[in-house]
Amino acid sequence: MKKEYRRIQGAIFDLDGVLVDTAKYHYLAWKRLAAELGFVFTEKDNEALKGVSRMASLDLLLKAGGLTFCSEKKEELAAKKNAWYVEYLQQITEDEVLDYVTDTLTRLRRLGIGLAIGSASKNTPLILEKTKLAPYFDVIIDGNCTSKAKPDPEVFLLGAKGLGYPGEECMVFEDSEAGIQAANAGGMVSIYLGTSSCADADFTISNLSEFWETDIM
């Protein structure tokens, strides 16, 4: 354990890759955009986009393709990618909710823990509606509410503020290094979900069922 922490009052969850398996739809849309621009965008390339805002993701994609465009063109490309992504999202269902998510959210609610979403995705409302997860959350902070991308802690600090707790009384569930860095910058307990390790995280778990084996609560 890397930091002292108070009694946990709030839990803030990233959305893509933590609660819902939308990463594949993001990748399909970015891959499609790269192909239109004349280069191959691999799944390995896509790893760098986790937890990153849409425009920052576009910059990384263009860097991978060795391309540069003016701001106006970049806005056009980002809008095109998002339109494809939203098109893919129309097929999303509750089946895309990851293992142990609803059980974990239900148990946390019973313990009186405030629940928030802290996501860079501007499509968060659509995803929550399609997957029927919206009723679980007291506060939803997404890319429509923020001006700074992770690893800046803005999204999580707004989530904590919305719940009514200081950052030190909140824990963050993330699947990206940028997200973990943001949680740490906000003074929160950082929990990394993934099969690999994340050196900056306070805890690493491979799925949400393992959360209950930690001593956080």
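Here are a few things to note about the model shown:
- In order along region 176-190, phi translates into HN-Hα couplings of 10, 5, 4, x, 5, 5, 5, 4, 5, 5, x, x, 9, 6, 9 Hz, rounded to whole numbers, per the Karplus curve 6.51 cos²θ - 1.76 cosθ + 1.60 with θ = phi - 60° and x for Gly and Pro.
- Helical content alone sets the calculated 222 nm signal of the chain at -12000 deg cm²/dmol, taking -39,500 (n - 2.57) per DSSP H segment of four or more residues and averaging over every residue.
- Of Glu213, Glu36, the order by accessible heavy-atom surface (1.4 Å probe, DNA, RNA and ligands excluded), from most exposed downward, is Glu213, Glu36.
- Per-residue ³J(HN,Hα) for region 68-82, Karplus 6.51 cos²θ - 1.76 cosθ + 1.60, θ = phi - 60°, Hz, x for Gly and Pro: 9, 9, 6, 4, 4, 5, 5, 4, 5, 5, 5, 5, 5, 4, 5
- Most mobile of Glu177, Glu94, Glu154 in a GNM of the chain (Cα contacts under 10 Å): Glu94
- Distant-in-sequence amide H partners of Lys122 (H built 1.01 Å from N, under 5 Å): Gly143
- Backbone phi angles across region 20-27, fed through the Karplus curve with coefficients 6.51, -1.76 and 1.60 (θ = phi - 60°), yield HN-Hα couplings of 9, 8, 9, 4, 5, 6, 4, 4 Hz in residue order; Gly and Pro are listed as x.
- Burial order of peptide ranges 163-174, 100-111, 142-153 (average beta-carbon count within 10 Å, highest first): 163-174, 142-153, 100-111
- Distances between placed amide hydrogens fall under 5 Å for Ile140 paired with Ile117, all partners being 5 or more residues away or on another chain.
- Per-residue packing, averaged as other Cβ atoms within 10 Å, sorts the ranges 53-65, 14-26 into the order 14-26, 53-65, beginning with the highest.
- GNM flexibility winner over the chain from Ala160, Ala79, Ala11 (Cα, springs under 10 Å): Ala79
- Thr204 long-range amide H proximity, modeled H, under 5 Å: Tyr192
- Reachable lysines, given that their alpha-carbon falls under 23 Å from the alpha-carbon of Lys161 and they are not under 8 places away in the same chain: Lys3, Lys122, Lys148, Lys150
- Gap separating the Cα centres of region 91-138 and region 24-56, nearest whole Å: 24 Å
- Relative contact order (%) - criterion: Cα under 8 Å, at least six apart; region: region 103-184: 28 percent
The values are calculated or read from the model by the stated rules, or taken from the named source; none is laboratory data. Being a predicted model, the structure only gives us computed values, none of them experimental. Quick reminder, even Gly has a Cβ in these numbers, built from the backbone with ideal geometry, and neighbours come from all protein chains shown. Surface areas here come from the heavy atoms of the whole protein model, side chains and all, with no ligands, DNA or RNA. Shrake-Rupley method; radii C 1.70, N 1.55, O 1.52, S 1.80 Å.
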